[in-house]
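Structure first, then comments.
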C-alpha cells in the first residue's frame, strides 16, 4: 500500500534531515573566520559592513590614548590608521595591503568595432531589458488567454477566480493611478486596486456554481460591493466624491471583466495561442539570464567602482531577495512551460492556471525589486549626504519607484502584445496550410488588439513618471522636456504617432477581408485625416534647436513666437493625444462591429497587413529602447544623480543621431535573436511529421 | 421597411447636432465653464456629426484602384493643400521651419492615404520572397528612424564635454563683469531659462520675464530669498495653483554660496531704463502704471513715508495733493505740461500725458540741473522711484477714471539693450 511504503521511508528521511543539520552545525559553529560568512548573519541586525564599522570604532577607542589630536582623528579610518602607524615610525606593514604590480597597471578603455565602454554597457543593458520585458509582459495576458481557451471545469473555475482577481489588481491599479495623478484623486490607486480586485472576486465567486449574474448585473454588483469594500480599506481623512466615483468605475470594470472571462466561449484558439507564446517565453528566459550576465560582466569591466557601490547599497536585495525570486521564478516558469501538456492530459488545467498566476506574481515582484536600484540611480532619496544612514528599503522605495513600476507594468504589456503580433505575422508568412494561415491571421489580429489596448494608458503612466521626476528635481525634467533631450522626446512623439497610424492602417487593411465592412470606410478615412492632424500637432516643437538656449552654431530664430507657443505646450499635445486615442478606439469599434456583422475571411488578409504588424512591432520595441535611452541619459553625467559622478571620457550625453543609430543596431540584434527563437520554438516543431498538437493534449471536459 | 436615404438621415443628424452645439455653447456659458471647455465640447459634437453623416452614406461596392487612379486625385489635392497650408501658416506668423514642417506632414498624410488605397499586395511566391519583403520592412523602419534622428537638430558633444570639464566656480580674484558672466552661466546651468525669459532671450512664459519685470531693481536679499524660498512671495499674475508650485525649492542645496553671489549679481543687471516694469503672465500683462498695489506703495514713497527711502519726499515740492508747493515744480495735475527746458536732452512739444517712460525715469533718477530736483537715482533704490512715478501719474490720470490700461511695451531687442549701455542710460557702470 502506498501509505505503508511512505511510512517505511520515514526513518531514512529523518536520518537525512539529521545529517544535513549536523553538517550545517559543523560549518556554522566553527570559530570566527567561518561565522562571519554565515548566510544568517545577513538576515540579522548587523551586516558584515556594520561589523567592520564596529571593529573600526574599537580601533578608534584604542587611539584615544594617543596624545596627538591629529593622530586620534586619523585613527577613525582603516587607511588613516596605517598612516598613523607610519607616523609613529613603527614596522612597515604596507605589504599587508599591497596587492602587487596590478596596482600600478592602468587598464585602457576598450573599443571594438566602434563600440566603446558606454555603448557596450548600453547594448547589454538594453538587450537584457528587452528580453526581460518579453518574459514579464507576455505571461500577463498568456494566463488570461489560457483561461479564455480553457473548458469550464470545476478546477478551472476555481483558478479563474484567482486569475480574475489578478487581472482586477492590474487593471484597478492602472485606472486608479491615472485617476490619482491626472484627475488628482487622493489615494486613487488604492481605491482602484481594492474596488476592482474585490469586485472581480465577488462576481467570480457568485458565478462560480451557476451563472447567477449577467454582465449588467455583474457591473452593478461589482460597483456596489467594490466601492463598499474599498472605502474602509483606503486611508483618507475625508471621503471625497471623486474617490467614490473612481471606486464605482473600477468596481464596475472589475465586475464586467470577471463575468466576461468566467463565461468566455472557451475558444481553443486562445489555448493554442497561449501555449505557443509560452514556448517562446521559455527560450527567451534563457536569453534574459544570458544578457543579464553579460550586462553584469560589462559593468564589472568598465564601471567596476560604480557597480560595486550600487550593489553594495542593496546587500539584502542582491544577495537574498533577487536570487531567491529569480530561482523561484525560474522553477515556476519551467513548471509552467513543461507542465502544459501533462496537466492538460490529467484534466488539471486549473492547477496550470494557478501556476501561471504565481509566475506572474513572482515576475512582477522581481520587476518591482529591480526598479528599486534603477530609480535609486535616478532619484536617490534626499538629503543626499545622509544616504549612508537610511535603510535599504528607503533606497528602494524612492519617489519614482512606484511610477516606474506602473510604467513598466503597462509598457511590458504593450511590448508583449506587439510581439504576439510579430509572432502571428511570422507564422502567417511561414505557414502554407490554409487553416494555419487562418489561425495566424487571427493571432496577428489579437496581437494588435492587445498592443493597442494596453498602449492607450501608457502615455498616462509616462506622464506620472515624469511628473514625479519634476517633483524630485525639475532640472532632470527640464533636461528631458526642454533641453538636451527635447529632440529625443520629439522623436518619441513621432514614433507614437507612427504607431497609432500603423495600427489604424492594419485595422483598415484587415477590414477589407470582412464582408459588409465597406460601410465604415468613409468615416474611417475622416478619422485618418484627424490622425494626421493630431500627429502634426504632437510633433510641433517649441524650437528647432536641440538645447534650451541656442548654442554656438545654432540659429536663435528657430523658435515659435509667443502667441503661437501654445501649439507646443502640453495642452495642445494632450488634445492631440486624446484625438489619436479616440480615433483609434472608434476605428476599433467599427472593426469589432464589422467582425460581428460580417464574415471574416481569416487567412486572406492583404499581405500589407502582415508587414504593417511587423513594422508596428519593430517600432514599438525601438520606441521602448528609445525611452530607456532617454531615462538613462537624463541623469546627465551622473551614475547616481548628484551622488556618484561619471568621470569617464564618455560622460557626456551622446547626440540624437548617435543614439538613433545605436538603438537601431540594438533592436536589430534583438529581432535577429527573436526571429530565430520564434522559428525554433514554434515553426521548427511543426516541420516534423508528427501532428503539431496531439489530440490528447487538448483540454479535457469534466463537467 | 425601406431604408432611409442619405438626405433623410442628414436632415435628422444635422439639426440634432447643431441643437446640441447650441445647448453646449450656451449651457457651458451659463455654468461659467471656461471658453476652452466650451469650444472643446462643441468641437466634439461637430466631429461626431461628421462621423454620423459619413456613416449615413449609402453602401457602395468597394473597388480597388490602380496605382495611377490612386494618385489621380490625391496629388492635385495635396498640392493645393500644401500651398494653402504654407501661406496660411505664414499669415499666422509661423516661422519658415514650421511652415516646412506642416507641409511635410501634409506629404506624410499623402503617403498615408496612398497606402490605404493601395491595391491588395500579391501573396509571396515562396520563402525567399517573403524574407525579402520582411527585410525590406525592417530596412524601411530602420531607415526612417535613423534618418529622422540624424536630420533633427543636434547638439555638439564636444561642447558638452567642454562644459563638464570646467572646474567648479570660485569667485576669488574675480571682479564685477566676471562675476556677472559667471552668474549668467549659473542661470543657464540651472535651466532658469526653462521658465523665465530675460528680455528677448528664452522662450517660456511659465514664470515672469525677469527682464521686463526688472528683477534687478529689487534688493540682493530679496532676490536671494526668492530663489531659496520661491513659495514665500508669488509674482503678481502667477497666483494660479500650477504656477505656485512651479519653481523648485531645492536651489538652496544645489547652488553654492559663491554661485549664489554670482547669480544675484547677474540678476541685478536685469533692468530697463526705457520702460516701467511689467507684471503678469503673458498674454495677461500690465505695467506698473496700472497696478493699484504699486500705485499705493508709490504714494507712500511720494509722501515721504517709505522707510527704505528715508529723506525722499516728493510732496514737499509737488504737493501731497498734486498742488505744487514750490514755484517751478512740475504740476502733475496738468496733463499738458511740457518737459523742462533746463536739460540738454529735453523733449520739446511732448506733453506730460505722452511722456515716454524713459523721460520719467531720466528726470527722476538724474534730476533737473539748477532746481531742487536732485538726481534721486544716485541716492535711492530705483525700485521706489518707479513706484513714485506710477503714483504721480494718477494726479492727471486717476486710476478709477481710466478706460483702458496703458499698452505693455514690446520686449526690448538685443540691439536696444546694447544701445542702453553705449548711450549710458544706466547710472551704474556695471549695467
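Determine if segment B:112-135 includes at least one residue that is more than 10 Å from chain A (Cβ to nearest Cβ) and within 29 Å of residue B:73 (Cβ to Cβ). Checking segment B:112-135: at least one residue is more than 10 Å from chain A (Cβ to nearest Cβ) and within 29 Å of residue B:73 (Cβ to Cβ).
Total residues in segment A:561-613 satisfying the condition of being part of a loop (DSSP other than H, G, I, E, B) and crowded, with 18+ Cβ neighbours inside 10 Å: the figure is 4.
Okay, residues lined up against (1) surrounded by 22 or more Cβ atoms within 10 Å (Cβ to Cβ); (2) touching a strand residue (DSSP E or B) at 6+ places or on another chain (Cβ under 9 Å); (3) facing chain B (nearest Cβ under 8 Å):
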{"site": "A:534", "(1), (2), (3)": "yes, no, no"}
{"site": "A:538", "(1), (2), (3)": "yes, no, no"}
{"site": "A:550", "(1), (2), (3)": "no, yes, no"}
{"site": "A:559", "(1), (2), (3)": "no, yes, yes"}
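When B:86, B:97 are checked against the criterion of being at the interface with another protein chain (Cβ under 7 Å from one of its Cβ atoms) and either out of contact with any helix residue (DSSP H, G or I) (no Cβ under 7 Å at 6 or more places or on another chain) or under 25 Å from residue A:528 (Cα atoms) (or both), B:97 stands alone in meeting it. Scanning segment B:141-160 for residues being surrounded by fewer than 16 Cβ atoms within 10 Å (Cβ to Cβ) and facing another protein chain (nearest Cβ under 7 Å) gives a total of 3.
Restricting attention to segment B:399-406, does a residue exist that is modelled with pLDDT of 90 or more and either over 28 Å from the mean Cα position of the chain (by Cα) or assigned to a helix (DSSP H, G or I) (or both)? Taking every residue of segment B:399-406 in turn, none turns out to be modelled with pLDDT of 90 or more and either over 28 Å from the mean Cα position of the chain (by Cα) or assigned to a helix (DSSP H, G or I) (or both).
Rundown of residues vs (1) closer than 30 Å to residue A:332 by Cβ; (2) in the same structural domain as residue A:145 (by TED's automatic domain parsing); (3) out of contact with any strand residue (DSSP E or B) (no Cβ under 9 Å at 6 or more places or on another chain), yes/no style:
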{"residue": "A:210", "(1), (2), (3)": "no, no, yes"}
{"residue": "A:223", "(1), (2), (3)": "no, no, yes"}
{"residue": "A:241", "(1), (2), (3)": "no, no, yes"}
{"residue": "A:245", "(1), (2), (3)": "no, no, yes"}
{"residue": "A:255", "(1), (2), (3)": "yes, no, yes"}
{"residue": "A:271", "(1), (2), (3)": "yes, yes, yes"}
{"residue": "A:281", "(1), (2), (3)": "yes, yes, yes"}
{"residue": "A:296", "(1), (2), (3)": "yes, yes, yes"}
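Quick check, is residue A:159 in the same structural domain as residue A:254 (by TED's automatic domain parsing) and closer than 20 Å to residue A:211 by Cβ? When the stated conditions are applied, residue A:159 passes them.
Apart from one condition, residue B:103 fits all of (1) in a helix (DSSP H, G or I); (2) at the interface with chain A (Cβ under 8 Å from one of its Cβ atoms); (3) touching a helix residue (DSSP H, G or I) at 6+ places or on another chain (Cβ under 6 Å); the exception is (2).
Residue-by-condition table, conditions (1) closer than 25 Å to residue A:538 by Cβ; (2) away from chain B (no Cβ under 11 Å):
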{"residue": "A:553", "(1), (2)": "no, no"}
{"residue": "A:562", "(1), (2)": "yes, no"}
{"residue": "A:579", "(1), (2)": "yes, no"}
{"residue": "A:586", "(1), (2)": "yes, no"}
{"residue": "A:593", "(1), (2)": "no, no"}
{"residue": "A:597", "(1), (2)": "no, yes"}
{"residue": "A:606", "(1), (2)": "no, no"}
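Just a yes or no: is a residue in segment B:329-352 outside any loop (DSSP other than H, G, I, E, B) and at pLDDT 90 or above? Yes: segment B:329-352 contains one or more residues that are outside any loop (DSSP other than H, G, I, E, B) and at pLDDT 90 or above.
Of all residues in segment A:614-652, which are farther than 24 Å from residue A:664 by Cα, assigned to a loop (DSSP other than H, G, I, E, B) and facing chain B (nearest Cβ under 10 Å)? Within segment A:614-652, A:642, A:646, A:647 qualify.
Applying the set (1) within 27 Å of residue A:665 (Cβ to Cβ); (2) buried (at least 16 other Cβ atoms within 10 Å of the Cβ); (3) modelled with pLDDT under 90 to residue B:127 leaves exactly one unmet item: (2). Would you confirm whether any residue within segment B:238-248 is more than 14 Å from chain A (Cβ to nearest Cβ), within 30 Å of residue B:275 (Cβ to Cβ), part of a loop (DSSP other than H, G, I, E, B) and in contact (Cβ under 8 Å) with a residue 12 or more places away in the chain? Scanning segment B:238-248, I find at least one residue that is more than 14 Å from chain A (Cβ to nearest Cβ), within 30 Å of residue B:275 (Cβ to Cβ), part of a loop (DSSP other than H, G, I, E, B) and in contact (Cβ under 8 Å) with a residue 12 or more places away in the chain, so the answer is yes.
Has segment B:182-196 got any residue that is crowded, with 21+ Cβ neighbours inside 10 Å, assigned to a loop (DSSP other than H, G, I, E, B), within 10 Å of chain A (Cβ to nearest Cβ) and modelled with pLDDT of 90 or more? No, there is no match, as no residue in segment B:182-196 is crowded, with 21+ Cβ neighbours inside 10 Å, assigned to a loop (DSSP other than H, G, I, E, B), within 10 Å of chain A (Cβ to nearest Cβ) and modelled with pLDDT of 90 or more.
Scanning segment B:24-35 for any residue that is under 29 Å from residue A:507 (Cβ atoms) and part of a helix (DSSP H, G or I) turns up nothing. Could you go through segment A:519-529 and let me know if any residue there is modelled with pLDDT under 90 and either in a helix (DSSP H, G or I) or outside the structural domain of residue A:636 (by TED's automatic domain parsing) (or both). Within segment A:519-529, one or more residues are modelled with pLDDT under 90 and either in a helix (DSSP H, G or I) or outside the structural domain of residue A:636 (by TED's automatic domain parsing) (or both).
The values are calculated or read from the model by the stated rules, or taken from the named source; none is laboratory data. Please read these numbers as outputs of a predicted model, since none were measured by experiment. Quick reminder, even Gly has a Cβ in these numbers, built from the backbone with ideal geometry, and neighbours come from all protein chains shown.
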